[in-house]
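S.K.: Take this structure, written in structure tokens, and hold onto it; I'll ask about it next.
Derivation of every value follows stated rules applied to the coordinates shown; laboratory data play no part. Because the structure is predicted, anything quoted here is derived from the model rather than measured. Cβ: placed from backbone, ideal geometry, glycine included. Neighbour counts: every protein chain shown.
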């Protein structure tokens, strides 16, 4: 075993939920061009839940064997389709296996995964480990080891859609995005050692975001053990993929209700990409809000309706990007307020809560970590307590949109008739940990982990 790997492996901390190798299925093209790495750009796709029929058609027009042909059998995503679409997805998966489009790797393995991307004019490399994690209920791992923690709500339709697909294919087609702690960068050095000392297996670029996804296969037993046992932390936090993890849990429980499953049964494991919170490429972006359909709304009316609950100060320090950059220094839980000022102009202000814990009275039973989330304050104080009561007639549902980009927020206000934009700060990763371990779930659209993982690099068979 290489010295860099042996040194890191000897530095274990407490264990996390059980990790193991994957009896992987991959595209045959991923195994071609030894040394250089196969090009799988036309075969991989973004996660199914960020796609729709148009992007699906574009991917399939580029290559009929793109993974989206199986992974998104029905659109829109997270909606349950007819049984026939799942049966067809399963038949397609099996036909690709039979024809050699997809192949089973000769030995179980783990995979080092690197995403190369640009953000804010800088290039980043986010590195993770692709491995199988033993399926368990949320919370502490039995036996006192580190636990598995969610941070957002799931909905029945999304889970049923994924369960029907998993039954039809008997495979997990895309990984869950999990986070763990690596404060001393022990695991980061291990991953870097694999990248620097081994040949890349394959790589591909997702067209929607220009992210380069690279993969290194590790099947030597000692090296696999060093990687899986050196995760420097006790807990795994789900970043993206809550519906898919619930699906793996439901699938395992469904089989276990029919017959006793051996401990090593494939359904007892779930495909994960594990990334350290301390990784330099671990970026969380905010998801902003826009509101529309309000009656009698103006910035002056909002200031009046917010009296005693929000401090609102006009801001004229530049464009939306400058406003976003000013928020961290503007006071606790600062939020940018944006309205159309006439023509192409935007009027901007900054709001901060008057009270240190503005949701304490209404949500006394909720954990402080949840009450002090910016997104919770926006949802329950600004939206429900102020805007909904002041500007929406009783029984009128609010109009919401959740733009990721400031440019999109501006377009909603200037072109699409929305009245108020709310510019949020990113949710810190520590808040994700604190809220999860407090047993709480964040409001919708609390986190936007960028970039998204690719689907189609590694498939986990469950049959």
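S.K.: So, in nm, how far is label residue 192 from label residue 137 when the simple model puts each one 7 Å beyond its Cα toward the Cβ?
M.R.: It works out to 4.1 nm between the two label points.
S.K.: Okay, next question. Quick check on the exposure proxy: order 80, 435, 211, 50 from fewest to most C-beta atoms within 10 angstrom.
M.R.: Arranged by neighbour count, lowest to highest, 80, 435, 211, 50 become 50, 80, 211, 435.
S.K.: R0 = 22 Å: FRET efficiency of residue 329 with residue 399, Cβ-based, nearest 0.05?
M.R.: Given R0 = 22 Å and the Cβ-Cβ separation, E is 0.10.
S.K.: For the ranges 223-230, 105-112, what's the packing order if you count other beta-carbon atoms within 10 Å of each residue, average per peptide, and put the highest first?
M.R.: Details: 223-230: 20.5, 105-112: 18.8.
In descending order of packing, they fall as 223-230, 105-112.
S.K.: Along Cα→Cβ, 7 Å out, is where each label goes; now give me the distance between the ones at residue 91 and residue 322 in nm to one decimal.
M.R.: 6.1
S.K.: Another question, if that's okay. Could you work out how much longer the chain between residue 219 and residue 414 gets when fully extended? Use 0.36 nm per residue separation minus the Cα distance between them, nm to one decimal.
M.R.: 64.7 nm
S.K.: Just to confirm the number: angle between the C-alpha axis of helix 156-169 and the first principal axis of the chain, 0 to 90 degrees, nearest 10?
M.R.: In the chain, helix 156-169 runs at an angle near 20 degrees to the longest axis.
S.K.: Listing 195, 238 from the residue with the fewest other Cβ atoms within 10 Å to the one with the most, what is the order?
M.R.: Least crowded to most crowded, the residues run 195, 238.
S.K.: To the nearest 10 degrees, how steep is helix 53-62 against the longest Cα principal axis of the chain, on a 0 to 90 scale?
M.R.: 40
S.K.: Now a separate question. Read through the labelled values (1) 35.6; (2) 23.9; (3) 29.8 and report the label of the one computed as mean projected area of the Cα convex hull in nm² from the structure.
M.R.: So the structure-derived entry is (2).
S.K.: Would you calculate the separation in nanometres between label points at residue 208 and residue 265, each defined as 7 Å from the Cα along the Cα-to-beta-carbon direction?
M.R.: In this crude spin-label approximation the distance works out to 3.4 nm.
S.K.: So what's the back-of-envelope 222 nm ellipticity for the chain, counting only DSSP H runs of four-plus at -39500 (n - 2.57) apiece and dividing by all residues, rounded to 500? Please report the intermediate quantities before stating the final value.
M.R.: Working: 14 runs with 131 residues, N = 463.
Calculated from helices alone, the mean residue ellipticity at 222 nm is -8000 deg cm²/dmol.
S.K.: For a quick protection proxy, order the peptides 157-165, 349-357, 267-275, 254-262 by their average other-Cβ count within 10 Å, most packed first.
M.R.: In decreasing order of mean packing, 157-165, 349-357, 267-275, 254-262 become 267-275, 157-165, 349-357, 254-262.
S.K.: Between the range 78-126 and the range 323-380, what is the C-alpha centre distance in whole Å?
M.R.: If we compute the Cα centre of each part, the gap is 39 Å.
S.K.: Still on this structure: Sort the following peptides by mean Cβ neighbour count (other Cβ atoms within 10 Å, averaged over residues), highest first: 445-457, 395-407. Mind dumping the intermediate values first?
M.R.: Numbers: 445-457: 22.4, 395-407: 13.3.
Descending mean neighbour count gives 445-457, 395-407.
S.K.: For residue 390 and residue 58, what is the calculated FRET efficiency with R₀ set at 51 Å and r taken between the beta-carbons, to the nearest 0.05?
M.R.: For R0 = 51 Å, the calculated efficiency reads 0.75.
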